[in-house]
1. In whole angstrom, how far apart do the alpha carbon centroids of the range 114-176 and the range 6-47 sit?
2. Could you work out the relative contact order of the chain? I mean the mean sequence separation of Cα pairs under 8 Å and 6+ apart, divided by the number of residues, in percent.
3. What are the ³J(HN,Hα) values, in whole Hz, obtained from phi via the Karplus relation 6.51 cos²θ - 1.76 cosθ + 1.60 with θ = phi - 60°, for each residue of the range 207-220 in sequence order, with x given for Gly and Pro?
4. Considering amide H positions built from the backbone, and no H for Pro or chain starts, which residues 5 or more places from Ser203, or on another chain, come under 5 Å of its amide H?
5. Can you tell me what the convex hull of the Cα atoms of the chain projects to on average, as an area in nm²?
6. For each of Tyr114, Tyr214, count neighbouring Cβ atoms within 10 Å of the residue's Cβ, then give the residues from fewest to most.
7. Average the reciprocal distances over every distinct pair of alpha-carbons in the range 103-165, invert the result, and give the Kirkwood radius in Å.
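Please treat every number below as a calculation from the coordinates, not as lab data. Because the structure is predicted, anything quoted here is derived from the model rather than measured. We place every Cβ from the backbone using ideal geometry, glycine too, and count neighbours over all the protein chains shown.
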Amino acid sequence: MTPGLFLERVTLREERRQRGVHPFDIPLFARPFEWTLTTPITFMVGENGSGKSSLLEGVAAAVGFNPGGGNRDHRFGSESERSPLGDAFALSWRQLITNGFFLRAETFFNFASYLEEAGSSFAAYGGIPLHAMSHGESFLALFQHRFRSGLFLLDEPEAALSPQRQLAFLSILHELSRAGTAQFIIATHSPILLAFPGATVLSLDGGKLSPVDYAETEHFRVTRDFLNAPERFFRHLFAEGDGRSSA
């Protein structure tokens, strides 16, 4: 058994597909869907609208995590936030676990507010209220102190992290994957995070899950080419605008 690989398969039950209802209208879910996970760390990449966030939200709901972020013990937001995919997904486990965390970058502020309003102890987050830190500091405090064992579903964790702190996050991923106590599924646009050795990288473009080498991702290629010769991109990007200005 691969250490840290707990969730093994996600299947969309056809009898629960709600045709014409979002997110079932996304190409990824508009056809029979079955996803087998093979490594403890999986990254998902793809253009906006390809289904990355919807897939994570659906898995989180199926596990029982709060739809606005957090785990099974956190209750904030409304039931209307729950993804219909959560009721349509069937999960297969190598080892059933119920602990972990669902991070939605866009609702993390609400999660931090919920902890304060509930009078929660911040011992599990480094002892400091999350709102007392910068956005990036609060993300890193969560990763450093709250992540130990379980299934961790992260939607764009790089959103609040500087490049240096993205490297610090990679160090945390390394420690937890080496311990074999945690499984991560991460939706990201960060070429820094995607470089993590041994991880599976899946592209959602084209309406299907397709393995892709890190160096073949658009995130890597565009970033590399831009840093090597930014003036080439500027000539192309600004040429049309210059033409409109002179007309």
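1. Their Cα centres are 27 Å away from one another.
2. That works out to 25 percent.
3. x, 8, 8, 10, x, 9, 6, 3, 5, 9, 6, 4, 4, 5
4. The list, which skips near neighbours in sequence, is Val45, Ser210, Val212.
5. 16.1 nm²
6. If I rank by nearby Cβ atoms, fewest first, I get Tyr214, Tyr114.
7. In the range 103-165 this quantity evaluates to 12.0 Å.
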